[in-house]
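The values are calculated or read from the model by the stated rules, or taken from the named source; none is laboratory data. Small disclaimer: the values here were computed from a predicted structure and weren't measured. Note that each Cβ is placed from the backbone with ideal geometry, even for glycine, and that neighbours are counted across all protein chains shown.
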Amino acid sequence: MGLLVFKYLQLPAIAKNAGLTIDQVNRLTSDWTTSTRSINEEIRTTLYLRRARSRELCTFNDYGRKFMNLCKTNIVGPNGVQFHSMASEKINGKDVADDPAIEQIESAFSRWSEKGNCTVCGQYSLKDIEDLTATATPRDGEIMVRMVPRFKHNGFNFALQVFEADHLDEKLNDERRNICMGVQRNRWNRPAAYHILEKHPGDSHSVSAGQKHRVLPADQVLHLFVAERPGQVRGIPWTVSAGARLHSIGKYEESELVSARVGAAKGGFFQKPATGFGRFPGDSKDSDGNLVMDVEPGKLKSLPAGWEFKKFDIDHPNAGFEHFIKAVLKGAAAGLNVQYASLTSDLREANFGSLRQGLLEERDAWMIYQAWLIQNLLSPIFKAWLPWAIASGQVKLPPRKMDKWLKVYWQGRRWSWIDPAKDMAAARAAQGLKIKSRTRLALETGTRIEDVLADEARENRLAKKHNIDLNPPQKGTSNGKAPAKPQ
């Protein structure tokens, strides 16, 4: 037996290949692909399957759902990406904030962003579209947002329409017209038009009723996906590498749960006496003729002479169950680009230092996705919205200064640390060194400096009305001034 094992393992060959490289082709790498298909060919043959499995994973797998919540919570946050107009005037060669224009633009954009105005269906706000983008893109690989000008039902003559990725027909491929998976491109491979299915291909009535394509010009469509290779025309679900692990974990946990339930039932077998005496102690027989005895908690029954009960114990869950699950989940977390503690909420092995370092890396990744969301969704929407808002009279500014009105600042969500006092000290130092303004510091906390100052002014008026001093002198000072130093 030992000789067979050594012959099978071929230990000298393994030692020889100890420095295995990616370009070697031998029996140890025979199952490693050598295909070099284009990214679009690879996506075309696997897109439907990957999307379907990713959706199932993110709907019914606990860790898949947690990843979706992490994306929505960290990319968008509770208040959405904050919008701040940076319109300014040139005065004596310097840029000075144009406060009346800023107030008009921010007020009008806030009104349009509300539910009922933002989309053609009236069901979503701009924050809802951000949430949909932050979940559909990781789950499905992509999402489509159509910008609809001349829309007459919200007062702004501009609205949005959201499509699931299924509406972009991946089965439509025409080399003559340069159409790849529903995306028609010009000679520079720049998207020129999108061939959208009028009905969702997953609806039961869409097959029987027939399908028609609607061709939308590319300048009206925001096709949102994270490109991984040059020339890519469709998106890939972010769960594609970790999906197999998470799916297997779900099945393994189900098997362990069933085994544990069987083991908890303490089943067994009745052994018939060889002599044949003694009536069977069971209460009945099942439909297949198997002998059955009903068992009640805390109650024992005696067996007739000669009969024996052979206990059948199942030792589950397995003693290594927790360690195995943890190891698999660490690999899955790496594939999803999140920390193990974030994906599982398991903080037992985390300390302050390791948790902080891990969160720093993870939050850098979230900020990359925030920048992607701003550049590919929010910024194009605002640039298309403002001319129509001016034309409709919602924003009363001269269109000839459009470049000035289009200057904006977007602020993604930021996170507080376990020790907020250190954060405040760092913010105070940054402001004191003139490397950050109060406006930026306020935006990073999810608020606007205008709201902070307005609240402070209101509080001061209310305190004055009730004769309350909100800034009493501190202990050891006189009228709020530090005591004089001794001579």
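A count restricted to segment 213-255 and to residues that are among the charged types (D, E, K, R), at pLDDT 95 or above and crowded, with 18+ Cβ neighbours inside 10 Å stands at 1. Residue pairs whose Cβ atoms lie under 6 Å apart, separated by 6 or more positions or on different chains, with the first residue in segment 27-43 and within 22 Å of E170 (Cβ to Cβ) and the second charged (D, E, K, R) and surrounded by 13 or more Cβ atoms within 10 Å (Cβ to Cβ), are I43/R234. Contact annotation: no residue pair with Cβ atoms under 7 Å, 6 or more positions apart or on different chains, pairs a residue in segment 456-472 that is at positive phi with a partner that is surrounded by 11 or more Cβ atoms within 10 Å (Cβ to Cβ) and at pLDDT 90 or above. Scanning segment 367-386 for residues that are out of contact with any helix residue (DSSP H, G or I) (no Cβ under 8 Å at 6 or more places or on another chain), of a type in the set (S, T, N, Q) and modelled with pLDDT under 95 turns up nothing. Among the residues of segment 418-467, those identified as part of a helix (DSSP H, G or I) and among the polar types (S, T, N, Q) are Q431, T439, N460.
Collect the residues in segment 123-170 that are of a type outside the set (S, T, N, Q) and over 24 Å from the mean Cα position of the chain (by Cα), keeping them in residue-number order. Outline the logic, then answer.
Taking segment 123-170 and keeping what is of a type outside the set (S, T, N, Q), we get 124, 126-132, 134, 136, 138-153, 155-156, 158-160, 162-170.
Scanning segment 123-170 gives V148, P149, R150, F151, K152, H153, G155, F156, F158, A159, D169.
Being outside any loop (DSSP other than H, G, I, E, B), modelled with pLDDT of 95 or more and closer than 30 Å to V395 by Cβ: is that true of Q184 here? Taking the combined requirement at face value, the residue does not satisfy it. Inside segment 328-359, can you point out the residues that are part of a helix (DSSP H, G or I), farther than 19 Å from L57 by Cα and either at pLDDT 90 or above or not charged (D, E, K, R) (or both)? Of everything in segment 328-359, those that are part of a helix (DSSP H, G or I), farther than 19 Å from L57 by Cα and either at pLDDT 90 or above or not charged (D, E, K, R) (or both) turn out to be A341, F352, G353, S354, L355, Q357, G358, L359. Every condition in (1) touching a His at 6+ places or on another chain (Cβ under 9 Å); (2) over 27 Å from P149 (Cα atoms) is met by E175 except one, and the failing one is (1). If only residues of segment 394-438 that are within 19 Å of D364 (Cα to Cα) and polar (S, T, N, Q) are counted, the one that is surrounded by the most Cβ atoms within 10 Å (Cβ to Cβ) is Q411.
Condition check: free of Cβ contacts under 8 Å to residues at least 60 places away in the same chain and surrounded by fewer than 20 Cβ atoms within 10 Å (Cβ to Cβ). Does P149 satisfy that?
Numbers: free of Cβ contacts under 8 Å to residues at least 60 places away in the same chain: no; surrounded by fewer than 20 Cβ atoms within 10 Å (Cβ to Cβ): yes.
No, not satisfied.
Answer yes if at least one residue in segment 258-278 is closer than 30 Å to W188 by Cα and modelled with pLDDT of 70 or more, and no otherwise. The answer is no; no qualifying residue exists. Report whether or not R51 is more than 28 Å from S379 (Cβ to Cβ), in contact (Cβ under 8 Å) with a residue 12 or more places away in the chain and surrounded by 12 or more Cβ atoms within 10 Å (Cβ to Cβ). Considered against the rule, which asks whether it is more than 28 Å from S379 (Cβ to Cβ), in contact (Cβ under 8 Å) with a residue 12 or more places away in the chain and surrounded by 12 or more Cβ atoms within 10 Å (Cβ to Cβ), R51 comes out as no. Residues in segment 385-406: is at least one closer than 24 Å to T133 by Cα and not in a helix (DSSP H, G or I)? Yes, the conditions are met somewhere in segment 385-406. Give segment 119-148 a look and list any residue that's closer than 17 Å to T239 by Cβ, out of contact with any helix residue (DSSP H, G or I) (no Cβ under 6 Å at 6 or more places or on another chain) and part of a loop (DSSP other than H, G, I, E, B), or say none. Answer for segment 119-148, where residues must be closer than 17 Å to T239 by Cβ, out of contact with any helix residue (DSSP H, G or I) (no Cβ under 6 Å at 6 or more places or on another chain) and part of a loop (DSSP other than H, G, I, E, B): just G141. Close Cβ contacts (under 9 Å, 6 or more residues apart or on different chains) running from residues in segment 108-129 that are under 19 Å from P78 (Cα atoms) to residues that are surrounded by fewer than 15 Cβ atoms within 10 Å (Cβ to Cβ) and among the acidic types (D, E) comprise S125/E114; L126/E114.
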